[in-house]
Every structure is written in structure tokens, then in C-alpha cells.
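Colleague: Structure below; questions to follow.
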Amino acid sequence: MMDLLRRPFDERADRPESASEQMLRLLLDGPLAIAISDVTEGRWQRVNHAFLALTGFDEAHAGGATPAEMNLWLDGAAAARLMRSVRRGTPQRDRYLGFRTRDGVECVAQVSVEPVELGGRPMAMWLLADATARSLAERALHRQNEVLSALTLAQSQWIGHAEQPQHRAPLDAVLDALVRATDSRFGVIARLDAGEEGLCLVSCALTGCARTDDDRAVLARHRRHGLELHDLDNALGRAVGGARILGVRGDGTDLSLGGWPPGAGEPATLFATPLCGPGGAVVGVLALADRAGAYPTWLLEEIGPFFTACGTLLHAQEELRRRRTAEQALRESEERFRLLVDGVEDYALIMLDPYGRVTSWNRGAESITGYGAEEVTGMHISGFYPPESAAEAQRELDRAQVEGRCEVEAERVRRGGARYWASVTLTALCDANGVLRGFAQLTRDVTGKRQLDRMKDEFVSIVSHELRTPLTAIRGALGLLSGGVGGDLDPMTAELVDLARDNSERLVRLINDILDLQKIEAGKMSLRPQPIAPAALVKSTVEQLRALAAENQVELAWSVEDGAAWHADPDRVTQVLTNLISNAVAFSPPGASVTVRVSPAQAAGRSRLSVTDRGPGIPEELRRLLFGKFQQLDGSDARKKGGTGLGLAICKAIVELHGGAIGVDSDVGHGSTFWFELPLSSALCSGRADRHPADP
Amino acid sequence: MPVKKVLLVDDEPDIRRIAHISLQRVGKLAVVVAASGAQALELCARELPDVVLLDVMMPELDGPSTFQRLRADPATASIPVIFMTAKAQKHEVEAFRALGAAGVIPKPFDPLTLAADVRRILSAGDAAAA
């Protein structure tokens, strides 16, 4: 075997080595990988140990071979360029050339090529230093730099565009850098969204995915708001769940992306990772796809640190988006409220500061007072009170502050001094810490309403007098006639006079009922509640109605099982009881009995008074109508009985005015029980049960 | 004290007429009629009736004012007065009693029992006084 390392530089001339050849031999013995080739074919003439160690070849393979025969250079053309340069006598220094070891491992060498003359022939001397580690480090650094500058740019862009939360360019640039750094074709960054339909992913950056015009159109449409992915049963969904997905098609890993990018199928290779916010919660997902070969772990370790920054950026963008959405909603709500307040003309809505000075004044306030907002802003609210009651203003503010609100109906002054009646609600506005921030005053001009009330009162008073006066005369005249004061009447005349008298009496009752009801509804029926012994009241009412009952051939019986005193107005309770007993008598068949009973009520603090008849009963669907106005169930029958149609409505109003309840239980064909319950007086009567049979 | 003569005061002629007939024909009483408060003061002092039936709502001098004047005149101060009114709620009746009225007859009254009602009120007053 030819000793490539030791053989003389010039085999044809058996002569001692020159000084330069000796120096070269020293170099060849040194640690630097050196190979000497001819300048035509590039065939190796000499290689040293260091070269063999670097490339993994042995002397037998390397000696006399060309680099092409050894399959040495990764980029043969680049090596050929170096050789051409040397042939022209120009050295090449510190070039990087990829080479393959004998085992096939791809490495990088820092290469210098010098033209030398050996044995009188031109040669090329290749000096190689292993630069693989440095090259890898430099490439990694380059990739990291690229992603880092994209992130830095993204952050500064994000700060610059923070006023536009929908702006997506920053994340797009980051994703672009990640796709380039990993030699991927497609990438997506999506945020996790908890919408009404459950969790979904919304794309924030998509790159490299538009492969057809249709895809591009879809992406353009959704660029502003993002594409939504609701089906999370895929690789992205699992990444959101916290898993890091790394796979190559066919290796058993689920690489489907739920239809992302639109129109594309499963990627050939995929890397997907959850992105976390500052608190560690998953805020979204990053996926990179279609790198040739696979995603090596070292590559992902290189770019891994940037995922945190991506997550933080995504989180910040999402937070801003949420805040902006909330702010927008608040602005819209405030705007709606402002429009509402401004649009209200009938109510003055006035906002006051904690000292009672006007801070806002709506159109209603302008139309009621005659002052424009610009005239009164800063003015104390007492300026709108009549001079003699200006001191009331502060008292009302104080009351609102202490009690939360203050309601008054009082006189106020318009621009020009005219007075009007105002219904005012003053509400204190406090912050979460209870600190007074001001007052809201709602004012309504009730001058017209008060005038109307006064007119109504006058009308009722006139009606009560003016209607009753002629009725008194009619009834009196008919009474005298039917009593025979004007002489005996023939039977038909007597019947007609009785008919006229009965109807005039009914008209009197109707007027009384209408006046009663009006009084109750106007809140003008004043009760004079006092302790009442049920037995005495029931007894006297029943006694007064015995004549009526006898006329209808109906028996009246009463019993008191609960003698506890009521707290009620005796006149009004008598009125209610009289009404119920009269009704029961009127609707009972001859020979039947009506029972009045006082018993304990189910509700504590009340007792129940019931009147039971053996009348026709009331169907359930009609019972709720009973206590309305003019609600006689069978008009003709009720009219025959002489009712006004208001009796039960009045009873209900009176009982409710007492804080009691009224109702009816009925069994059609067997009779009805009308009942009402009254509050008990704290003072108790004798608990003795009184029972009284029907008239003997 | 048996009632023989009544002074009836009402500004409404129809009411006056009905009450007049009722008191005279049914109640067998002597009736003096006044159409106003002022006339009532004059007739009362002159006729000195056993009782005055006094309407409440009258123009110019109304019932309560007429009543005060009757009380102020020693000649008529002791003559019992019964108000006739459409305002006959229990507390209104009490208010008239508090003024010193013998009683109240609500309008519309029953012409067949008017005189009997007057006698009943006066005898109740006598019983209370005794």
C-alpha cells in the first residue's frame, strides 16, 4: 500500500527535500487537516492523519481518489469554484464547505485553499478545520434571531396598534418567522375562545395555507375576525388540552386540523403546542406543519423559548380585545341611556354633585323649568324652590343621603317665577365604598294632575249632593204615595208606585256605592280601626238583616268560634258583612238558611268571617270575575235582586284596605261560602265560643 | 217632652214640600217652614218650635252657621236641632253631635218614618240628659 503520508514529494527525483518541502512535511504532521490535490482533476496527492480523522476515511480510500469518488463535498460546484480560483493562482481562505464523512454524517469545514508547487508541479493545498458545531450554532442563532426580531417587531407593532385590537399583523409576522425558522409550509396561531356555543379556536394568524383562490377568498373574508374552529376533536384540540403534538403522517399520530387550512387535508408533518398566558393558563395554540422530513427535537428546543412570548402576546391581545369589547358595550349602554334621558320630555332628570349643584340637566328639565342646561349647570338646586322654602332643599338632600332617597310633592319655581307642583324623587348616588358621589333627581310636573284631582273631588261632592237632592224628593213623594198619605191607591197604581220607589232606592244605593268606590280608589277612604269584638258586630248586623231575611223566607244563624278581637273599622266591617249576608239571602231559595261564622284563619294573626248560603253556587271560571266592578254573573237575576254590581268590588277594596283578604268557595248546585279575613287586634277578647241558633 | 211643632229648614222646595207633608200628615205635627238660614233664625225666634230640622248644605248661611246663631241667641239656644244631610257617615254624624246637635237624619229620608225618627232622637236625648 502506498504510504500517502510518508512518500517523497517528488518520486521521480531522488533528491533531498528542499527547505519548503521540509516545512510542508512539518505542517502535515501537525494537527491541521491538510490535503494536497492536483489542480486539474483535484485528485488527492497527499492527505495527512488529521484529514483522515476529520473525514473518517482511511489512506486506502482517500489516497489518489478524487473528492467526487469519495462523495466528499455536499456542494461539489462550490468546491469546483474554489479549485478554479486556485488554478488561476488566487488563494481562497476561510470558506465554509459542507462535507460528508465516510459514515454519511453531514458536517461543515472551514476551508482555505492555497496554490503550492511540489516537485515542480502546481498543486492545491486544502486546509480544513471542523466548523460543524459552530455552523450549527450559527444557524440556530440565525433562526432564533429571526424569530426574536419578529417578536420584538410584533411587540412594538402591537403597542403601536394597540388602539386597534383587531389588528392582526404583529402575530402574522411572528408566525411567518416561526414558519421560516422551521422550514414549515403552513402555520397557525389561534386563541381559545369561550363563546356561547362552548369552547372554540379563533385564528389570529394564518400563513402559508392559501393554496387555491377559494382558500384565499375565505381567508380574506375572515382575516379581520378570524376563522372559528368549533370541532376540537383533532390535533389542535388536543394541543389546547395541554398536549404537545409531534408527528409524521402514517406514524399513528392524529394530525388532522379540523379543516384548517380550508381545503387542505392532513399535513405531512405536524408540530402543535399549547400557548400559555402569564398565569400559565392555556390561551391558545400554535401549529406548524409540512416541514420536509420531520420536526427534530433540537429544532423545537431552539425555538421553544419563544412560545412563551407568543402566549404572552396572544394573552395581551385577547385581554385588550376583551377590555375594548367591554368598553364599547359600556359606551353603547351609556349612549343609549343618554338618548333615553335626553328623549324624556315629561320627566326632568337632573344630576347633582354631592353639594347639590346641577351637573346635568335633560330636555325634560328644560321643558318643565324653562331653563337651558348651560344656564343652570353649577347652580344649587335650592334655586328652583320658592324663596320661602329654599331651606327645604338642603334638608331633602340630607334626607336622601341618610335614607337613600327622598320623595316629596311640593311647589317649585319655573323661569320667570311661575310656580308649579312637582313630584320629586331624590336618590343618593354612592360608590362601592359608600362615598356619596352625587344625587339623581327625577321631577314630574303634577300641577295638571292636582288640578284634575281637585276638580274630581268637587265633581264627586256636587254629584253626591245634586243627585241625592232630587232623589230625596222622588223617593219621599213615592213613599208618601205608597204609604197612602195621598189617599188609597188602586192595586195597579200601588204596584207601579212601589216599582218606582224600589228603583229610586236602588238608584240611591248605586250612587252611594259609586261614591264609596271612588273614595277608596282615590285613597280617600280613611279607616278608623279599633279593636272589635266579633260576636257583638256579627250579632248586631244579623239582627238588622232579620227583617230582610224573613221577607225572603230565609233563616239566619251565626256562630263565633274565634272570639279574638279584630283590628278594623267597625262601620266598614259592618258594611262588608251586610253586603255578603244580603247577597246570600237574595240568592237563597225560600226555606233555606244562611250561616255566618267566625273561625280562626289559616294565616297567623287573622280570623275568618264566612257567610254560607244554599244558593245555586258559582262555576269556578266565573268566581274570579265576582269581585270586579259591575260583575253580576247573571245580569237579569242579579238585577231582580236589586244589586248595583259594585257591592263585592267595594267589599274587596275595604277588606284589602284593612290588610285582609276576601274570597269565595262554591259548590255548584249546593251553595257558596263568601269569606273574608281580618287582622287581629293585639288585645284579645274573651275566647269563649258563642253559638246562636236560627230564629226560633 | 212631647213634640208638637217643628221648624223645617231646607233651601230645596221639593224636599221642603215632601218633609212638610210627611211631618204634618204622617207625623201629625205642626210644621213651620223656612227656605234659608236667615229665615230660620227669624222664624225660630218668633215661633219657638219644639225642634228644628236643619238642612246642612244651603247657600249663604249654611246649616252649621245657622245652628251657631241659634245657639248664640238665648231665646233659641235650648231648642234641639236635628241636622238633615246627605253627609251621614258615622264620623260626620259624630262631628255634628260634637257641635251640640241632637242628632242627624240622613238624606234621602223615609217620609213614612220621618216624624217617628225625630221623636226617637229627641227621646234618646232626653234619656241621655236624664
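Colleague: Going by what's in this entry, would residue A:419 be described as surrounded by fewer than 18 Cβ atoms within 10 Å (Cβ to Cβ), of a type in the set (Lys, Arg) and at pLDDT 90 or above?
Modeller: yes
Colleague: Which one is modelled with the highest pLDDT among residues in region A:186-224 that are closer than 19 Å to residue A:256 by Cα and of a type in the set (S, T, N, Q)?
Modeller: The residue in question is A:203.
Colleague: Right, here's the next one. In region B:76-112, which residues are of a type in the set (D, E, K, R) and within 14 Å of chain A (Cβ to nearest Cβ)?
Modeller: If the condition is that a residue be of a type in the set (D, E, K, R) and within 14 Å of chain A (Cβ to nearest Cβ), then B:87, B:90, B:92, B:94, B:107, B:110 are the ones that fit.
Colleague: Follow-up. So which residues in region A:472-492 are at pLDDT below 90 and of a type in the set (Val, Ile, Thr)?
Modeller: Listed by number, the residues that qualify are A:472, A:485.
Colleague: Same structure again: From the list A:353, A:290, A:254, pick out the single residue that is surrounded by 12 or more Cβ atoms within 10 Å (Cβ to Cβ) and on the phi > 0 side of the Ramachandran plot.
Modeller: Among A:353, A:290, A:254, only A:290 is surrounded by 12 or more Cβ atoms within 10 Å (Cβ to Cβ) and on the phi > 0 side of the Ramachandran plot.
Colleague: Quick one: is residue A:518 surrounded by fewer than 17 Cβ atoms within 10 Å (Cβ to Cβ), within 58 Å of the chain's Cα centre (by Cα) and more than 10 Å from chain B (Cβ to nearest Cβ)?
Modeller: So residue A:518 fails the test.
Colleague: Quick check on my filter: what residues within region B:11-50 are among the basic types (Lys, Arg) and within 14 Å of another protein chain (Cβ to nearest Cβ)?
Modeller: If the condition is that a residue be among the basic types (Lys, Arg) and within 14 Å of another protein chain (Cβ to nearest Cβ), then B:16, B:17, B:25, B:28 are the ones that fit.
Colleague: Further question on the same structure: Tell me which residues, restricted to region B:11-59, are of a type in the set (A, V, I, L, M), under 12 Å from the mean Cα position of the chain (by Cα) and either surrounded by fewer than 21 Cβ atoms within 10 Å (Cβ to Cβ) or in a strand (DSSP E or B) (or both).
Modeller: If the condition is that a residue be of a type in the set (A, V, I, L, M), under 12 Å from the mean Cα position of the chain (by Cα) and either surrounded by fewer than 21 Cβ atoms within 10 Å (Cβ to Cβ) or in a strand (DSSP E or B) (or both), then B:31, B:32, B:33, B:34, B:51, B:52, B:53, B:54 are the ones that fit.
Colleague: Looking for whichever is modelled with pLDDT under 90 and in contact with a His (Cβ under 8 Å, 6 or more places away or on another chain) here; the options are B:57, B:1. Which one fits?
Modeller: Only one candidate passes the filter, namely B:57.
Colleague: Given region A:587-660, what helices (runs of 4 or more DSSP H) lie entirely inside it while holding 2 or more residues that are at pLDDT 90 or above?
Modeller: A:647-657
Colleague: OK, next. Could you check region A:440-478 and list, in sequence order, the residues that are over 21 Å from residue A:517 (Cα atoms), within 14 Å of chain B (Cβ to nearest Cβ) and β-branched (Val, Ile, Thr)?
Modeller: A:472, A:474
Colleague: Also, I was wondering about something else. Considering only residues of region B:65-75 that are surrounded by 19 or more Cβ atoms within 10 Å (Cβ to Cβ) and not hydroxyl-bearing (Ser, Thr, Tyr), which is farthest from the other protein chains (Cβ to nearest Cβ)?
Modeller: Result: B:70.
Colleague: Also, quick follow-up: Can you tell me which residue among A:507, A:499, A:527, A:481 is more than 13 Å from every other protein chain (Cβ to nearest Cβ), more than 30 Å from residue A:365 (Cα to Cα), over 48 Å from the mean Cα position of the chain (by Cα) and not basic (Lys, Arg)?
Modeller: Only one candidate qualifies: A:499.
For every residue, the table says whether it meets (1) small (Gly, Ala, Ser); (2) modelled with pLDDT under 85; (3) on the phi > 0 side of the Ramachandran plot.
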residue	(1), (2), (3)
A:2	no, yes, no
A:10	no, yes, no
A:13	yes, yes, no
A:18	yes, yes, no
A:23	no, yes, no
A:34	no, no, no
A:53	yes, no, no
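Residues are listed down the side, and each one gets a yes or a no for (1) touching a residue at least 24 places away in the same chain (Cβ under 8 Å); (2) surrounded by 14 or more Cβ atoms within 10 Å (Cβ to Cβ); (3) in contact with a Phe, Trp or Tyr (Cβ under 7 Å, 6 or more places away or on another chain):
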{"position": "A:366", "(1), (2), (3)": "no, yes, no"}
{"position": "A:372", "(1), (2), (3)": "no, no, no"}
{"position": "A:376", "(1), (2), (3)": "no, yes, yes"}
{"position": "A:385", "(1), (2), (3)": "yes, yes, no"}
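Residue by residue, here is whether (1) out of contact with any Gly (no Cβ under 9 Å at 6 or more places or on another chain); (2) within 25 Å of residue A:613 (Cβ to Cβ); (3) within 11 Å of another protein chain (Cβ to nearest Cβ) holds:
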site: A:513; (1), (2), (3): no, yes, no
site: A:523; (1), (2), (3): yes, no, no
site: A:556; (1), (2), (3): yes, yes, no
site: A:559; (1), (2), (3): yes, yes, no
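Colleague: If you don't mind, another one. Outside any helix (DSSP H, G or I), within 13 Å of another protein chain (Cβ to nearest Cβ), touching a residue at least 12 places away in the same chain (Cβ under 8 Å) and buried (at least 18 other Cβ atoms within 10 Å of the Cβ): does that describe residue B:8?
Modeller: For residue B:8, the condition - outside any helix (DSSP H, G or I), within 13 Å of another protein chain (Cβ to nearest Cβ), touching a residue at least 12 places away in the same chain (Cβ under 8 Å) and buried (at least 18 other Cβ atoms within 10 Å of the Cβ) - is met.
The values are calculated or read from the model by the stated rules, or taken from the named source; none is laboratory data. None of the values given here were measured: they were computed from a predicted structure. All Cβ positions, glycine included, derive from the backbone under ideal geometry; neighbour counts span all protein chains shown.
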